[in-house]
Each structure stands twice: as structure tokens, then as C-alpha cells.
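The values are calculated or read from the model by the stated rules, or taken from the named source; none is laboratory data. Keep in mind it's a predicted model, so treat the numbers as computed, not measured. Every residue, glycine among them, receives a Cβ derived from its backbone with ideal geometry; neighbour counts consider all protein chains shown. The protein model used for the area step is the full one, side chains on, heavy atoms only, and it has no ligands, DNA or RNA in it. Shrake-Rupley method; radii C 1.70, N 1.55, O 1.52, S 1.80 Å.
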Amino acid sequence: MTSYPHLLAPLDLGFTTLKNRVLMGSMHTGLEETKDWNRVAEFYAERARGDVALMVTGGMAPNREGGVFPGAAGLFNDDDIANHQTVTDRVHEAGGKIAMQILHAGRYAYGPECVSASAIKSPISPFPPKELDEAGIEKQISDIVQSAVNAQKAGYDGVEIMGSEGYFLNQFLVTHTNKRTDRWGGSYENRMRLPVEVVRRTREAVGPNFILIYRLSMIDLVPNGSTFEEVLQLAKAVEDAGATIINTGIGWHEARIPTIATSVPRAAFAWVTKKLMGHVGIPVITSNRINTPEVGEQVLAEGCADMVSMARPFLADSQFVKKAKDGQSAHIAPCIACNQACLDHTFSGKISSCLVNPRACYETELVVEPAATVKTIAVVGAGPAGMSTAMTAAQRGHKVTLIDRASEVGGQLNMAKQVPGKEEFWGLVDWYRTMLEHVGVDVQLETEATAGALAKFDEVIIATGVIPRDPEIEGQDQPHVVSYIDVLRGGVDVGKRVAIIGAGGIGFDVAETLVTGDSPTEDLDEWLEEWGVGDPAHEPGGLRAQGPKPEAPIRDVTLLQRKAQKLGKGLGKTTGWIHRASLKMKDVKMIGGVNYERIDAEGLHVSYGEARDNPTLIKADTIVLCAGQLSERSLADALEAKGMKPHVIGGADVAAELDAKRAIDQGTRLAAAL
Ligand code: NAP
Ligand code: SF4
């Protein structure tokens, strides 16, 4: 008897059956653009072997003007079809099913050729789109239809037509972007003509036995977005036009409300999808922040949808469904929704991967095989670098001992998990603990590693992490000056007025911790209110008329840095704006370009500019030092002095710009090569 009866139930689509209720949602990985089709095929085949019912590829451009960026991949000719056939064949051999997403970006296309309903530039693109005329619209429809026909020729089981997230079809639906007065604009009947026509003509072209998913924006989260009445009208029309499944889209890309970041509560938008249930006869899929089998099961059991879509969780663990089926849910590597190696890479033009699983999208390159010679390996430091090395080395059959002087594994992850909005880190530490035990690592906590004890191992890995940098500010030795470690480990009383020295990732995390009472990530209603998300049945696009309504800050915080640039510039590409917006909502004062002059009982004295005259006082009861870190290399240096040759990784190797992504990647790659 499975613990996930709803999640693992098959879904009969009439002409074909899906083996369970889990869809791997579309992700732009950048793999298709490498043109290494063996690599693309292996990415999807590994996930097919992991028993996901249906996968959707990254968005393929139907034509040049609709590509997300110049040169975006698509199925334009026979060579493309043959290349994609490699992927579909490999997926089918692995027992999987795969649909190709057709993504016309409209005004989000990053290029001067972009087109849309009206010539209105998007706030997130420098390119104003050309307004399409009748012939131009016909061209877009036939290019999308041709793309679906080519997908069918390439052996795909279906297509997903991207109609949400503010892309081309979505741009016709709302008056925000559609000011037309012809038959494609004005009344809702006219505005929805394009998506419905695209679905109708696609179905006509591909015949009845081909999966056609329509991705429908359930809640636009932009001004003048669709009302729920309109969403319903479109859903029914799309069903009548021949869609097999409706998938959920949440929020336009230009929306200023987080929809998938780690601070968004789990399954935060399932209630929106649920509103559609019972109104259409075809299956409905829900998505966003569903990352465990338990959450997926609950969402389905509560009748929010017929299927769940998860995307990033399949980067974190390709075997998600298989492990759930086999009663090994605790072994599923959790997606912590950090975006650090997936979306942040996509938006920097890099291949996607995963912070938790560096093999994602590198399946053909980073291969973890049984070791030819079994070695004894000591890993010192049970933070992300050390844990990933120990786990991977033991998976290969090595005999691994992991040593840390702390009483628990996790290293700095144990601080991250204390930050409101970063609760997912609890699951990540739990997963490492479970896996270390599962693969037989000998974990020795509250243990000091000594050169003598380490000498007996074949390989020694030093992952001792970092120590806080000393900012050397006059007066910093007073009791009201504390380190971020004291704050995040909860060991000190922090006063009402706080100055934070240093505005890197940790300065922001400390600020968030000090202004927030109960974490809204743990309370969906509070989170929706905080960000101003309303019911689209009453508020068009789901934006509350009153706007965001955050809880009052519990402290008066000032965040400081010496650089004269905007604070938070170095934070994640796709998440930095959320951290900045969140602190702004809590009235955190952000000041750049300061010199730290001195600290006294009244607070922190800072000056501006080279002259350093007329210092001003920032009144503070507590001052928190978050001035970056330095490598903790003392053990590595001692071993090297004795002639040993340890491998030094993670923060102990390079402290600058250290994050868990780099630490885990370095540890995993080292272990794969030992
Ligand atoms: P960081 O990002 O390097 O920031 C250090 C801060 O300290 C900067 O604001 C810097 O600004 C300031 N600083 C540097 N030297 C100083 C000095 N001598 N005196 C006073 N201030 C000084 O380091 P971090 O905040 O400790 O974070 C460490 C790493 O953890 C980051 O690289 C990050 O990747 C990771 N992390 C990431 C996140 C995330 O959200 N993704 C969250 C937490 C941590 P000025 O030099 O301008 O003063
Ligand atoms: Fe999830 Fe972060 Fe991995 Fe992306 S990088 S898949 S958000 S854990």
C-alpha cells in the first residue's frame, strides 16, 4: 500500500494513459542550444527512468521573432526534427513520455524583431514590440501549428502551448497589453480569439491522438489582469477547441510578487487552480512550490487538481517519483527553491544545473561510478562541501569518515535554516543526515581532527569552511557588538534598534531575521496579505486593490555597506529583488558608501566620502558584524607543514563569493574523481 495513492494513480487520457499524476514542468536548461543531442537525450532519459509520468521540454521557439532570445532553439527544419527524434527515442526506450513546449515570447522576446498584440514595451525588456497586422497574426498561428506538427514528426507524445507567464498568447488576453480595436482586441471574446484559434488549428493539424496541453494563466499578478470569469471562459473554450489537459500558469514574468522563490509557501497557488476544478471536463494540473511527494499528495487529495507539475524538483532529483513509489521519500534530494543554479544560470546565459545536485544537466559528464580501488577517506568539516564529498565518495564504495567538532551536521546550512523564508534548508540538512547514514559514512561529531589521526587515511579532504572577517572598527569589542553567528544561532539578545555592518547575502539574511516576527512563509494567508495577492474572482489579475500589507517590523534596522552602489547587487539574479523588496516593506534603511568610524554606547558613527569629516551617528542598541568571511585553513596548513597533501575544498579553499552551490559542486566533483 503506497503512502501516495492520489499521486501514483494512473490518469487515462482516452487514447493514452499516464502512469501517475506527476508532470515534469517545462524548464529552460540551455541544453538544446549546446546542440549536444546525446546530452539532451540523457537529461530527459534519466528522468524517464525515474518514473515521472510525462515531461515537458524547455520552450521551443515557433519562429525567429518568437524566440526568447536570438538563436533560441526550435523545430525549424528536418535536421532539427532528426535531433529531437534522438531525445524522444531515448525517452521512449526508458518507458517515458515527453511533450514539447512551444513558447512564443511575444514582447518578452529579447530582440528587435519581437512582436505582440500592441506596440507596448514590457518593463523587463529593452525592445518595444511591433504590433502585428492580420497577416502577421496568421503567420504566428501557422508557425505555432507547424511547430506542433514537427514535434509530432519528431516522435513527441504531445505539445504544451505556452499561454501564460505573460508570453505572446497571454499578451493578447489582457487590456494591459492588448489595445487593439480589430477582431483580436476589445471584448474578451476577441482578446481570447488568438489562443483559442491556436489550440483549434493545432488539434486539427495533429489529429486526435496527440497530447495537447494548454498552459493557462490562472492569476496574472499584473495590473488589469484577467478576472476569474475570463479565466473560466478561456478554459472552457480551450477545452472545446481540443486541448487534452490544462496546465496552470502563475504570474507574469514582470509581476512584482514572488511565485516560486524559497520564501513562497509550499503549494501557495494550489487554491487558485482548485477554482477551475469541476468547470472543465479535461484534467487540470497545478504547480508552483510543490517539492515533496507529501505536498503533491495533499494537493491532489484536497481536490485542487488532477495532476501536479514539478519542475525544479526534477533537477534536484531525477528519481523523485521512483523513490516515492519505492517507499524511499526520505532519500529524495530536496529542491530548496533557491534558483541559484537553475534560473539564475538561465538568466545569465549559462546551462542550468542544481545547487543540491550538480549532476543535473551534466549527466554525461559528471558520472558517479563505483570506485576501481576502494580507499579510506577522511573528510573534515560537515558543511555542504564536506557532506557532499563524503556522501558521493561513499556512494562509490569508498570507506568514508566525516569529522566535525560541531554537534550536528550541516555547517552554515544550520544558520541559513533559521532565516525566515529559508525554512527549506531544514529539509536539506535532514536529507544529508539521512543519506550519510544510508550510504554508510562514519560520522564523528564533537570530534577534533588531528594531524596524527588523519595520517592513517588514504585521502584527506579539508572542508573546514570559513571564519568571519574582522572589520577592525574602533569600539567593536563592546558587548552590544555581535557577530551574525551569534544572531543566527540565537545565542544573544538583540535590541530594538540595530545597525548591520555588511550587506552581502548574510547581512540581508540577518536583517530579514531581525525585522520578522513569525515567518509568513509558514502561514499562507499572511503571506498572501503581505504581498497583496487576492482572489482573482474579486480582483482582476489577483492583485489586491490595497496593495501589499506587511506585518510591522519588530525592530528598527539599518543595513550598511562601504560600496557606493545599490545594496544587494550581488544577490541572486532572480531572487535579489525579492530580498530587497521584502526589507523595504519592513522599513529597513539601506545605506551605501559609508566609512565606519567608531562604535560607542550610543551606536555606530559613520562618515561619507574621502574627507571622512562630520561623522553621523546611527543610533543602535545592537550592532551586528556581517563583514564577509575568510578561509579557515589552519588544519590544512598544519597538514601541509607535515608534508601531507590534503584536498582543500569549499570555503577553506576560497572564501570569496562562497556559497553552497560552489561548495557542493566542488565536493561532488572531487568525490567522483577519487
Ligand atoms: P559577502 O557577500 O562577501 O558580503 C560581505 C559584506 O561585508 C559586503 O557587504 C561588504 O561590503 C562587507 N565588507 C567586506 N569587507 C569588510 C570590512 N573589512 N569591513 C566592513 N565591511 C566589509 O559575504 P557574506 O554576506 O558573509 O556572505 C557569504 C556568502 O554566503 C555570500 O557570498 C553568499 O554567496 C552566501 N550567501 C548567500 C545567500 C543568498 O541569498 N544566496 C545568503 C546568505 C549567504 P563593503 O565591502 O561594501 O563594505
Ligand atoms: Fe531547486 Fe535550487 Fe536546485 Fe534550482 S538550484 S533546482 S531552485 S535546489
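In nm², what is the average projected area of the convex hull enclosing the Cα atoms of the stretch 387-510?
Its Cα hull, projected and averaged over all orientations, spans 9.7 nm².
Please list, by residue number, everything in the stretch 124-158 whose backbone N is under 18 Å from a paramagnetic label point 7 Å out along Cα→Cβ of residue 78.
It comes to 147, 149-155, nothing else.
Once phi is turned into ³J(HN,Hα) by the Karplus curve 6.51 cos²θ - 1.76 cosθ + 1.60 with θ = phi - 60°, what whole-Hz value does each residue of the stretch 410-423 show in order, with x for glycine and proline?
x, x, 5, 4, 5, 7, 4, 5, 7, 7, x, x, 10, 4
Quick one: pull the percentage of alpha-carbon pairs in the stretch 448-488 with a separation above 16 Å. Numbers along the way, then the final one.
Numbers: 479 of 820 pairs.
In whole percent, the long-distance tail amounts to 58.
Which of rounded, prolate, oblate describes the stretch 366-459, given a ≥ b ≥ c as roots of the alpha-carbon gyration tensor eigenvalues and a/c under 1.5 marking rounded, otherwise prolate only if a/b is larger than b/c?
Oblate.
Give me the orientation-averaged projected area of the Cα convex hull of the stretch 11-346, in nm², one decimal.
15.1 nm²
Convert each backbone phi in the stretch 304-319 into a coupling constant with the Karplus relation 6.51 cos²θ - 1.76 cosθ + 1.60 (shift: θ = phi - 60°), then list the ³J(HN,Hα) values in order as whole Hz, x for Gly and Pro.
So the J values, rounded to whole Hz, are 6, 6, 8, 9, 10, 10, 10, 10, 4, x, 7, 7, 5, 8, 5, 9.
As a test question: what accessible area, to the nearest 10 Å², does residue 318 have when a 1.4 Å probe is rolled over all protein chains in place?
Rounded to the nearest 10, that gives 10 Å².
Amide H neighbours of residue 360 under 5 Å, at least 5 residues apart or on other chains, H built in the peptide plane: list them.
Long-range HN contacts for residue 360: 354.
Tell me, what ³J(HN,Hα) does each residue in the stretch 186-195 have, in order and in whole Hz, if you take phi through Karplus 6.51 cos²θ - 1.76 cosθ + 1.60 with θ = phi - 60° and put x for Gly and Pro?
So the J values, rounded to whole Hz, are x, 5, 5, 3, 6, 5, 8, 4, 5, x.
Using only Cα atoms, tell me the angle between helix 505-515 and the longest principal axis of the chain; keep it within 0 to 90° and round to the nearest 10.
That works out to roughly 90 degrees.
Give me Rg over Rh for the stretch 468-594, both radii from the alpha carbons and Rh done the Kirkwood way, two decimal places.
1.03
Given a cut-off of 24 Å, name the pairs among 422/563; 179/350; 422/549; 399/645; 422/586; 35/97 whose C-alpha atoms lie farther apart than that in the structure shown.
Listed pairs above 24 Å: 422/563; 179/350.
So if each residue of separation counts as 0.36 nm, and I subtract the Cα-Cα distance between residue 634 and residue 153, what length gain in nm does that give?
Values: separation 481, 0.36 × 481 = 173.16 nm, distance 6.10 nm.
In short, 167.1 nm is gained.
Only bridges with both residues in the stretch 11-346 count here: give the DSSP antiparallel percent, nearest 5. Can you show the working numbers first?
Details: 2 of 34 bridges.
Roughly 5 percent of the DSSP beta bridges within the stretch 11-346 come out antiparallel.
Taking H as built 1.01 Å from N, whose amide H comes closer than 5 Å to the amide H of residue 630, not counting residues under 5 places away?
Result for residue 630 returns 467, 469.
Take the Cα coordinates of the chain, assign each an equal point scatterer, and use the Debye formula without solvent to give log10 I(q)/I(0) at q = 0.06, 0.07 Å⁻¹.
-0.37, -0.50
Counting only residues 5 or more places away or on other chains, whose amide H sits under 5 Å from the amide H of residue 247 once H atoms are built in the peptide plane?
Amide H neighbours of residue 247: 214, 215, 216, 285.
Counting only heavy atoms of protein chains, what accessible area per residue, in Å², does the chain have with a probe of 1.4 Å?
39 Å²
Give the distance, in whole Å, between the Cα centre of the stretch 168-186 and the Cα centre of the stretch 290-329.
Each part reduced to its Cα centre gives a spacing of 36 Å.
In nm, what is the difference between 0.36 nm times the number of residues separating residue 577 and residue 89 and their Cα-Cα distance?
Length gained, residue 577 through residue 89: 171.6 nm.
To the nearest 10 degrees, how steep is helix 228-241 against the longest Cα principal axis of the chain, on a 0 to 90 scale?
Approximately 60 degrees, to the nearest ten.
Mind jotting down the distance between the C-alpha centroids of the stretch 93-143 and the stretch 1-74, whole Å?
Taking the Cα centre of each part, the stretch 1-74 and the stretch 93-143 sit 20 Å apart.
Counting only protein heavy atoms and a 1.4 Å probe, tell me what percentage of the chain's accessible area is made up of carbon and sulfur. Walk me through the intermediate numbers first.
On the way: 12930 of 26040 Å².
On the chain, the fraction of accessible area on carbon and sulfur atoms equals 50 percent.
With a 1.4 Å probe and every protein chain left in place, tell me how much accessible area residue 608 has, in Å² to the nearest 10.
100 Å²
Could you pull out which residues in the stretch 638-658 have an amide N less than 13 Å from a spot 7 Å beyond the Cα of residue 375, following the Cα-Cβ vector?
645-648
Report the net charge of residues surrounding residue 522, where surrounding means a beta-carbon distance below 10 angstrom and charges are Lys +1, Arg +1, Asp -1, Glu -1.
-3
What distance in nm separates the simple spin-label points at residue 546 and residue 406, each placed 7 Å from Cα in the Cβ direction?
Each label point is offset 7 Å from its Cα along the Cβ direction, giving 4.1 nm.
Label residue 673 and residue 562 with points 7 Å out from Cα along Cα→Cβ: what is the distance between them in nm?
For the pair residue 673/residue 562, the computed spacing is 3.5 nm.
Can you give me the distance in nm between label points at residue 399 and residue 645, each placed 7 Å from the Cα along the Cα-to-Cβ direction?
2.3 nm
Put 27, 55 in order of accessible area, largest first, 1.4 Å probe: what do you get?
27, 55
Report the gain in length on full extension from residue 350 to residue 12: 0.36 nm times residue separation, minus Cα-Cα distance, nm rounded to one decimal.
Full-extension gain reported as 117.9 nm.
Using a 1.4 angstrom probe with every protein chain in place, what is the largest-first accessible-area order of 49, 662?
Largest to smallest exposure gives the sequence 49, 662.
Given a 1.4 Å probe and heavy atoms of the protein chains only, how would you sort 331, 438, 538, largest accessible area at the top?
The ranking, largest first, comes out as 538, 438, 331.
Give the peptides 115-124, 645-654, 146-155 in descending order of average Cβ contacts within 10 Å, highest first.
Highest mean packing first, the order is 645-654, 146-155, 115-124.
Go ahead and run the numbers for FRET between residue 368 and residue 474, Cβ-Cβ distance against an R0 of 51 Å, rounding to 0.05.
In this case the efficiency is close to 0.50.
Per-residue accessible area for residue 252 at 1.4 Å probe radius, Å² rounded to 10?
About 10 Å², ignoring ligands and nucleic acids.
With axes computed from alpha carbons, what is the tilt in degrees of helix 134-153 against the longest principal axis of the chain, rounded to the nearest 10 within 0 to 90?
70 degrees
Let me check against my output: what whole-number percent is the relative contact order of the chain, with C-alpha pairs under 8 Å and at least 6 apart? Mind showing how you got there, number by number?
On the way: 1534 pairs, mean separation 80.8, N = 674.
Worked out over the chain, it gives 12 percent.
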